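This report refers to the structure that appears directly beneath it.
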Amino acid sequence: MPEKPPAIEVPPDGLTVITTHINADFDAFAAMLAAKKLYPEALVVFPGSQERNLRDFFVKSMVYMYNIVKVKDIDLNAIKRLVLVDTRQAGRIGRFADIVNRPGLEIHIYDHHPAMPDDIAGTLKVIEMTGAAVTIMTKLLREKSIPITPDEATIMALGLYEDTGSFTFSSTTADDYHAAAYLLSRGANLNVVANMITREMSPEQISLLNEMIQNTTHHTVNGVDVAVTRVSCEDYVADFALLVHKLRDMENLDVIFALATMENRVYMVARSRVAEVDVGEIAMDFGGGGHPSAAAATIKGQTLIQVEHRLFGLLHQRINAWRTAADIMSSPVIQVKPQVTLKEANSLLTRYNVNTLLVSESGRPVGMISRQVIEKGLHHKLHNVAVREYMTTEIGTVTTEASISEIQEKIITNKQRLLPVTEDAQIVGVITRTDLLNTLVDDAVRIPEEVDQGRAGPSPVRKKNVKNLLQERLPDEVLALLKTVGEVADSLKYHAYAVGGFVRDILLFRENFDIDIVVEGEGIAFARALADTLGGRVRAHEKFGTAVVILPDGQKIDVATARLEYYRSPAALPVVEMGSIKFDLYRRDFTINTLAIQLNPDRFGMLIDFFGGQLDLKRKVIRVLHNLSFVEDPTRVFRAVRFEQRFGFRIAKLTAGLIENAVKMDFFKEVSGRRLFAELRHLLEEEKPINALRRLNQFKLLKVIHPKITYSAGLENLLHAVDKVLTWHNLLFLEDSCRKWLVYLLALERPFNARVAGECCERLALNERDTRAIVDLKVKADQCLKWMEFQKTFRNSDLYRKLHPFPTEHLLYMMASTTRGEVRKAISRYFTKLRSTTPLLGGDDLKKMGLEPGPVYREILDAVLNAQLNRRISTREEAKAFVRRSWGT
């Protein structure tokens with residue numbers, strides 16, 4: 001008969017208990033182990049059952065945690081502090097849910113799951129959207145310098161690898177990789193991890209997986225394909241989640257719900273690759289939880305049929321509904337009044353790049369006129385005739401609530417290329433035939449470009465909700481800031497969108513908190529309202545309708561009015577007019593930068609894609625939106641190369657041809673030096689600019705900077721040397737700043753004399769300070785380097801005198817340029833040991849020693865500093881004695 005467990009001694013200040021969710025997995029166990037390191041006095045308690053494989057691990061593992069007790073042996077009333085890891089939902093912590101609302105109970109929460117409405121309110125909350133809970137705990141242990149043993153590191157690594165799918169799940173973050181690196185450095189045994197993670201399937205598991213495959217059915221729910229499989233087993237089969245992963249990967253499923261009856265419970269495991277289906281939210285309705293992409297629940301007291309029936313009801317409620325006219329229309333509408341002449345109408349067609357104009361009177365549609373009709377009228381010299389004379393007047397319209405089938409019927413029946421959308425008989429938008437076709441066909445198919453009214457590009461508007469992705473990817477304060485932006489826009493009856501690189505990098509899982517906002521409304525008025533709400537200030541640019549909101553903590557938010565742009569000549573600055581988000585995005589450089597996320601509360605987190613940006617991100621392609629893009633703004637070619645190399649993408653074939661044409665036609669001659677330098681500087685500030693410079697050379701773009709820049713093997717070697725010395729300098733963690741772009745530009749101009757370097761500075765319109773750095777200081781740096789090349793040894797004092805006049809950039813340029821290791825070591829010695837030398841004596845010291853002030857002071861102080869640098873003296877007393885010996889005081 002087993003012994004009765006000893007009574008748990010309750011300290012005077014009460015118990016601290018660490019727990020996690022029912023059916024604890026390796027991540028939960030690892031997080032509890034780490035929490036025990038943070039709370040050494042705590043008891044570790046599982047709230048209920050664990051995964052069967054975890055139970056086996058308890059027996060086999062060489063590592064045993066101290067103070068692991070059963071929940072039934074705990075007096076819940078004695079708990080003063082409850083530490084929750086890997087969960088914050090009362091429904092998932094068993095009996096501990098009975099005390100979470102008890103007054104005076106201190107609750108500490110460490111979790112990586114998205115927020116839910118019924119989350120427990122903690123006294124202390126550490127919530128980070130990482131791939132595993134143990135990642136958060138590892139970071140805390142590292143920050144607090146709490147040591148861990150190799151066995152503990154192995155258990156924590158096991159939790160990390162399991163919950164990130166060995167770093168293959170989309171929820172994996174950079175922090176997870178950092179945690180893994182740290183655990184490996186602490187002795188984590190990957191052989192143990194691999195053996196546990198990559199277990200061979202048992203015969204029972206193979207049989208169950210085969211049954212799951214046979215029982216899989218597909219259901220289209222509001223346009224989304226959902227796979228559901230159901231199985232029954234008398235006995236529990238371990239690692240059901242692993243089998244679901246295998247099924248998903250084998251069948252390439254976007255959404256899978258797996259239901260299994262085992263013993264007296266129904267187990268549900270769900271996985272989703274699409275933003276429209278948040279499986280974590282659905283699992284929560286069954287008492288489970290998880291992430292939008294991965295979740296699970298254990299259901300008691302219901303049959304498999306009941307669970308499946310309820311599941312389908314939830315799917316139809318939660319999966320985003322199909323679209324209406326309001327979802328696919330373009331707005332605002334380019335329209336003309338009936339009295340406008342054909343000549344004026346033709347100018348509008350060209351300016352806005354559309355093929356059809358809607359004719360309206362008092363906001364009501366009265367007709368439409370096409371480019372073909374207008375061009376024929378102009379051919380017959382009818383320039384001053386009003387459009388009312390030749391417009392089509394028999395047109396159909398739809399309301400904003402019209403279904404796709406109704407839109408289809410109107411466009412096809414009336415053979416109408418442009419369908420006005422009205423609300424209370426007033427025009428609020430238009431739908432083109434291309435819009436309709438792209439809504440009806442599969443998302444992977446692109447309809448060729450047909451620019452009618454409102455279509456500013458080749459692709460349909462594609463929308464999907466990425467609210468959960470925002471919650472996972474963004475810090476709480478940034479997410480709250482975006483919500484405030486949407487609320488302020490709503491109060492002004494504007495529409496606000498996050499746009500540009502901020503959105504692109506969210507989808508690429510790259511950190512970028514430089515927020516760009518576009519509003520359909522008065523951008524500057526919106527910026528002022530936002531600044532008032534957040535306690536910030538505004539810097540406005542009236543000409544372009546843009547503003548910068550500067551928050552109290554220094555963070556900046558760029559705000560722009562949704563605008564149309566057209567260019568009067570190649571390389572000219574754009575003429576700006578009010579427009580819609582679609583036209584604002586159409587003016588941007590590349591498709592990957594045309595994505596927008598709505599921020600108004602009723603549509604917060606809705607991703608909008610008019611021009612196929614998501615597809616190009618997936619295909620890793622840099623593509624312009626139209627063929628005149630580089631004619632309008634030639635500096636975009638530098639951005640194309642920069643983005644291509646930064647993301648590891650490729651420039652699309654047509655776009656590459658347009659770059660070559662821009663170089664051939666020499667559109668760059670009209671580009672101002674300031675704009676050219678801005679693009680070059682951004683490129684040289686990239687993490688690895690060498691590949692980008694090589695690519696510029698392939699496109700013959702280095703000649704745009706100066707005709708004498710030649711990309712040779714020698715230059716490439718020098719650039720690689722620059723990269724190495726910059727990395728070396730960064731690792732020194734010195735307080736001095738370094739302008740990285742300047743070091744690379746000095747390397748590019750290495751062969752240039754002062755005259756040619758000056759020409760280059762003039763072309764780039766550099767300011768006086770930068771021109772001096774590239775012309776005068778570079779000449780002196782080259783002369784100093786030439787002197788150093790002929791020296792056999794370097795006294796510290798000589799090094800100091802020679803190198804002290806140069807800023808950091810020129811010293812690094814010299815280190816990269818030298819071919820002698822001795823010279824490089826000498827400059828390194830100056831950086832690390834000599835540069836920060838503080839003189840032992842000053843003029844006041846000499847005066848107190850009785851020396852008369854005068855030119856001799858400089859001679860004495862220089863001599864003292866030389867002696868100090870050459871290690872002949874090291875203290876103030878030795879310095880004074882040195883002066884007395886040499887100058888007889």
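The values are calculated or read from the model by the stated rules, or taken from the named source; none is laboratory data. Keep in mind the model is a prediction, meaning the values are calculated, not measured. Every residue, glycine as well, gets a Cβ built from its backbone with ideal geometry; the counts of neighbours run over all protein chains shown. Ligands, DNA and RNA are excluded from the accessible area calculation, which covers all protein heavy atoms including side chains. Shrake-Rupley method; radii C 1.70, N 1.55, O 1.52, S 1.80 Å.
Summary value for the chain: 5 percent relative contact order, contacts being C-alpha pairs under 8 angstrom separated by 6+ residues.
Computed 3J(HN,Hα) for segment 631-643, one whole-Hz value per residue from the Karplus formula 6.51 cos²θ - 1.76 cosθ + 1.60 where θ = phi - 60°, is 6, 5, 9, x, 5, 4, 5, 5, 5, 4, 5, 4, 5, glycine and proline marked x.
Each part reduced to its alpha carbon centroid, segment 117-182 and segment 838-876 end up 56 Å apart. Backbone geometry of segment 525-536 corresponds, through the Karplus equation with coefficients 6.51, -1.76 and 1.60 at θ = phi - 60°, to 3J(HN,Hα) couplings of 4, 5, 4, 5, 5, 5, 4, 4, 5, 9, x, x Hz, x marking Gly and Pro.
Cross-link pairs exceeding 22 Å between alpha carbons, from the set LYS688/LYS833; LYS780/LYS802; LYS80/LYS125; LYS664/LYS688; LYS464/LYS556; LYS36/LYS246: LYS688/LYS833; LYS664/LYS688; LYS464/LYS556; LYS36/LYS246. Ligands, DNA and RNA left out, the accessible area of segment 590-710 computed with a 1.4 Å probe is 49% carbon and sulfur.
Normalised by the number of residues in segment 263-363, the mean separation of alpha-carbon contacts (under 8 Å, six or more apart) gives a relative contact order of 20 percent. Between LEU628 and ILE99, the simple spin-label model (points 7 angstrom out along Cα→Cβ) gives 7.3 nm.
What the phi angles of segment 282-295 give under the Karplus curve with 6.51, -1.76 and 1.60, with θ = phi - 60°, is a coupling list of 6, 4, 4, 5, 9, x, x, x, x, 9, x, 9, 8, 7 Hz, glycine and proline written as x.
Sorting GLU281, GLU762, GLU128 by accessible area puts them as GLU762, GLU281, GLU128; the probe is 1.4 Å, largest comes first, and only protein heavy atoms count. Residues whose amide H lies under 5 Å from that of ALA596, counting only those 5 or more places away or on a different chain, are ILE608; hydrogens are built 1.01 Å from N in the peptide plane. For segment 351-384, the residues whose amide N sits under 19 Å from a probe point set 7 Å from the Cα of ALA425 along the beta carbon direction are 359-368. Solvent-accessible surface of protein heavy atoms, probed at 1.4 angstrom with all chains present, puts SER207, SER403 in the order SER207, SER403, largest first. Taking all protein chains into account, the per residue accessible area for the chain stands at 47 Å² (1.4 Å probe).
Each residue was assigned an accessible area with a 1.4 Å probe, and for LEU551 the value is about 20 Å². Computed extension length for GLU143-HIS383: 78.9 nm, one decimal, from 0.36 nm per residue of separation with the Cα-Cα distance subtracted. Take the Cα of ASN77, step 7 Å toward its Cβ, do the same at ARG694, and the gap between the two points is 7.4 nm.
On the beta carbon distance between ASN210 and PHE790, with R0 = 56 Å, the FRET formula returns roughly 0.10.
Note on ARG318/SER202: beta-carbon distance plugged into 1/(1 + (r/R0)^6) with R0 of 30 Å gives a FRET efficiency of 0.30. Neighbours of ASP176, meaning other residues whose beta-carbon lies under 12 angstrom from its beta-carbon, give a summed charge of -4 when Lys and Arg score +1 and Asp and Glu score -1. What the Cβ-Cβ distance of ASP553 and GLU511 gives, at R0 = 22 Å and to the nearest 0.05, is a FRET efficiency of 0.80. One quarter of the surface of the convex hull around the alpha-carbon atoms of segment 731-782 equals 4.1 nm², the direction-averaged projected area. Count Lys and Arg as plus one, Asp and Glu as minus one, and take only other residues whose Cβ is under 9 Å from that of PRO601; the net charge is then -1. Label-to-label distance, LYS780 versus LYS620, with points set 7 angstrom from Cα along the beta-carbon direction: 4.7 nm. The residues LYS664, LYS80, LYS740, LYS144, sorted by heavy-atom accessible surface at 1.4 Å with ligands and nucleic acids left out, run LYS664, LYS144, LYS80, LYS740 from largest to smallest. Computed with a 1.4 Å probe over protein heavy atoms only, the accessible area of SER491 comes to about 90 Å². Roughly to the nearest percent, how much of the accessible area of segment 168-324 is carbon and sulfur, given a 1.4 Å probe? Accessible surface attributable to carbon and sulfur in segment 168-324 totals 50 percent.
Surface calculation, 1.4 Å probe, protein heavy atoms: TRP887 sits at approximately 70 Å² accessible.
LEU734 sits among other residues whose Cβ lies under 15 Å from its own Cβ, and their net charge, with Lys and Arg +1 and Asp and Glu -1, is +2.
Highest mean packing first, where packing is the average number of other Cβ atoms within 10 Å per residue, the peptides 859-866, 588-595 line up as 588-595, 859-866.
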